[in-house]
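The values are calculated or read from the model by the stated rules, or taken from the named source; none is laboratory data. What you see is a predicted model; the values in this text were computed from it and never measured. Here the Cβ positions follow ideal geometry from the backbone for every residue, glycine too, while neighbour counts run over all protein chains shown.
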Amino acid sequence: MTLDVNSLMTMSIVMRTGSFAAAARELGYTPSAVSQQMAALERSVGIRLFDREPRSVLPTEAAHYVRQRSEQVIDLLGQLEIDLARLGAGETGRLRVGTFDSAGGPILGQAMARFLIRRREVEITLDEGEPYELFPRVADGSLDLALGFQYDLVPREFPANLRLTEVMTEDLRIVAPRKHRLSGKETVRLEELRGETWVAHREETPSHHCLQALCAGSGFRPEIAFRSNNVGTVKGIVAAGLAVAMIPDIGYRADEEDVVALPVADRMPRRQIVAATRIDDANPLTAGFLDAMRRVALP
């Protein structure tokens, strides 16, 4: 048995108006079309729904039962249509977001607050990780969007089904303890950092590869004694006088007491913060969230 929702709705109108002709006028059909639709519905359910009189039709008890139960279904479908329209308009639903650690506060927190102002029924889930961990999850559909980065001097290798949207571009800084031997100079050449102890991100990160390429361009290899992907940890090691480091601008504040950015004269590479989405992304919330992030990053 296959029930047609339109036929059930027509049956309800026939019962309310009392005839096929009256129902036809309300629906904009011909009386014959309504009669045929009701006959097809009776064949589908295997029960007589109307007793036909010359100028009217009388619903059977079966019709009253079907109408009562079908109204619940029609109401649910009506609500489903409303919900789907709101989902398509980006007013409800779920958005699964990934981000790297240092962007959580400066970009993601503010972007989520802006995004949710008019979307109180939207659920956002948030995971943290490195781009090489998060971007494949966007590619396989377990995340809708992930915030990551790409560095100058580092080849870019991302899954082919991703679209990368630039959120912002930031400078990279060489930071040192405020009492470092080079901190008082007007300009510093990178080659002057030969022999320094470094704290850097883990070896598999683009930050590490960028640092290696940068130092190689000045004729030396950085002596890395400490590794951490947490910018706070990196700056803590620098502040303790144990190392120098290369960090993105988003992780540096000029008013920090124990860490200073060296005035490097050489041209420094930059880091692009990007949002990864699938090329065939079907979540209507994604575009709105991208817009919110760009407004936060580029006010």
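Filtering the range 225-244 for residues that are over 30 Å from VAL122 (Cα atoms), among the charged types (D, E, K, R) and loosely packed, with under 14 Cβ neighbours inside 10 Å leaves an empty set. Here ARG295 meets the list (1) in contact with a helix residue (DSSP H, G or I) (Cβ under 7 Å, 6 or more places away or on another chain); (2) of a type outside the set (A, V, I, L, M); (3) assigned to a helix (DSSP H, G or I); (4) buried (at least 16 other Cβ atoms within 10 Å of the Cβ) almost entirely, failing just condition (4). Report yes if some residue within the range 107-121 is assigned to a strand (DSSP E or B), over 30 Å from HIS208 (Cα atoms) and modelled with pLDDT of 90 or more; otherwise report no. For the range 107-121, residues assigned to a strand (DSSP E or B), over 30 Å from HIS208 (Cα atoms) and modelled with pLDDT of 90 or more: absent. If the condition is being crowded, with 17+ Cβ neighbours inside 10 Å and closer than 16 Å to ASP144 by Cβ, then the range 107-123 contributes LEU108, ALA111, MET112, PHE115, ARG119, VAL122.
Identify, from the list ARG48, ARG16, ARG69, the residue that is farther than 30 Å from THR125 by Cβ, in a helix (DSSP H, G or I) and modelled with pLDDT of 90 or more. Break it down stepwise before answering.
Details: ARG48 fails: in a helix (DSSP H, G or I); ARG69 fails: modelled with pLDDT of 90 or more.
Matching residue, one of ARG48, ARG16, ARG69: ARG16.
When you scan the range 202-209, do you find a residue that is touching a helix residue (DSSP H, G or I) at 6+ places or on another chain (Cβ under 7 Å) and either at pLDDT 95 or above or over 23 Å from PRO155 (Cα atoms) (or both), even just one? Within the range 202-209, not a single residue is touching a helix residue (DSSP H, G or I) at 6+ places or on another chain (Cβ under 7 Å) and either at pLDDT 95 or above or over 23 Å from PRO155 (Cα atoms) (or both).
Please pick out the residue among ARG173, ARG163 that is closer than 30 Å to ALA276 by Cα and modelled with pLDDT under 95.
Result: ARG163 is the single residue among ARG173, ARG163 that is closer than 30 Å to ALA276 by Cα and modelled with pLDDT under 95.
Within the range 40-59, the set of residues being small (Gly, Ala, Ser) and either surrounded by 13 or more Cβ atoms within 10 Å (Cβ to Cβ) or over 15 Å from ASN6 (Cβ atoms) (or both) comprises SER44, GLY46, SER56. Within the range 208-215, does at least one residue satisfy the condition of being outside the structural domain of PRO106 (by TED's automatic domain parsing), without any contact (Cβ under 8 Å) to a residue 24 or more places away in the chain and surrounded by fewer than 19 Cβ atoms within 10 Å (Cβ to Cβ)? Yes, the range 208-215 contains at least one residue that is outside the structural domain of PRO106 (by TED's automatic domain parsing), without any contact (Cβ under 8 Å) to a residue 24 or more places away in the chain and surrounded by fewer than 19 Cβ atoms within 10 Å (Cβ to Cβ). The residue that is nearest to the chain's Cα centre (by Cα), among those in the range 140-185 that are surrounded by 18 or more Cβ atoms within 10 Å (Cβ to Cβ) and in a loop (DSSP other than H, G, I, E, B), is ASP144. Scanning the range 198-215 for residues that are part of a loop (DSSP other than H, G, I, E, B) and hydroxyl-bearing (Ser, Thr, Tyr) returns a single hit, THR205.
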